[in-house]
1. Output the number of residues of the stretch 104-125 satisfying the condition of being of a type in the set (Gly, Ala, Ser) and modelled with pLDDT under 90.
2. Confirm whether Arg127 is in contact with a strand residue (DSSP E or B) (Cβ under 7 Å, 6 or more places away or on another chain) and surrounded by fewer than 16 Cβ atoms within 10 Å (Cβ to Cβ).
3. Against the condition at pLDDT 95 or above, open to solvent by 60 Å² or more (accessible area, probe 1.4 Å) and outside any loop (DSSP other than H, G, I, E, B), how does Ile160 come out, does it pass?
4. Pick from Arg128, Arg101, Arg146: which is part of a strand (DSSP E or B), closer than 28 Å to Ile66 by Cα and at pLDDT below 95?
5. From Leu155, Leu114, which residue is among the aliphatic types (A, V, I, L, M), open to solvent by 60 Å² or more (accessible area, probe 1.4 Å) and within 30 Å of Ile171 (Cα to Cα)?
Amino acid sequence: MKPVLLLAIILLVDACKVYRRIPENGIAYSKRYNFVFRSVLDVEDYFVNGRLKRSVAYHANGNIAIDMRSSGGNSDTMWTVYFHPNGQKMREMLSVFDTLRWENDWYDDGMQRLSFAHGANDRQTVRRWHANGIKSEESEWQGNMRHGKFIEWDLNGRRIRNEMYRNGVKIK
């Protein structure tokens, strides 16, 4: 390959890269598509010593959409809060080393929708509520399989399912 052609290819490939200035200390502004809200959000990323410490995204109406922070200065522990466009809290969650430790979700009127807790020995507890505020489900999991109780209620609060599982297999 001729040197001129090789240089032209290198320059073309280099021109296609997207460079973003990440400040050592300060704020970087951008617009990003968010799949939860299915829209483009205005984002402010806050950096300290070259590390992302907080990211805040805004809905088109100016209300906060997402507030994500590293906990205690440790970027492996992330606390994230999502907000409905009307300003009501939508989801609050804590992740440690990319593992979801707990999560709470709410309907846009403020009623609780979901509660998730990741406990010891890879055990998880899930609780869900109908939009009218009545509990719809309570279940226990281990390793992505039902393990423990699984109770389900209808919209009127009547129990419609009461089962026990071990390693994903129904035992009662």
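1. Matching residues across the stretch 104-125 total 2.
2. Here the answer is no, as Arg127 does not meet what is asked.
3. It is true that Ile160 is at pLDDT 95 or above, open to solvent by 60 Å² or more (accessible area, probe 1.4 Å) and outside any loop (DSSP other than H, G, I, E, B).
4. Among Arg128, Arg101, Arg146, only Arg101 is part of a strand (DSSP E or B), closer than 28 Å to Ile66 by Cα and at pLDDT below 95.
5. Only one candidate qualifies: Leu155.
Yes/no matrix, rows are residues, columns are (1) more than 17 Å from the chain's Cα centre (by Cα); (2) farther than 24 Å from Arg38 by Cα; (3) of a type in the set (Val, Ile, Thr); (4) open to solvent by less than 40 Å² (accessible area, probe 1.4 Å):
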residue: Ser55; (1), (2), (3), (4): no, no, no, yes
residue: Asp67; (1), (2), (3), (4): no, no, no, yes
residue: Asn86; (1), (2), (3), (4): yes, no, no, no
residue: Met90; (1), (2), (3), (4): no, no, no, yes
residue: Arg123; (1), (2), (3), (4): yes, yes, no, no
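The values are calculated or read from the model by the stated rules, or taken from the named source; none is laboratory data. Remember, it's a predicted structure, so these values are computed and weren't measured experimentally. Cβ coordinates were reconstructed from backbone atoms using ideal geometry, including for glycine residues, and neighbour counts include every protein chain displayed. To get the accessible areas, we keep the full protein, side chains included, count just its heavy atoms, and leave off ligands, DNA and RNA. Shrake-Rupley method; radii C 1.70, N 1.55, O 1.52, S 1.80 Å.
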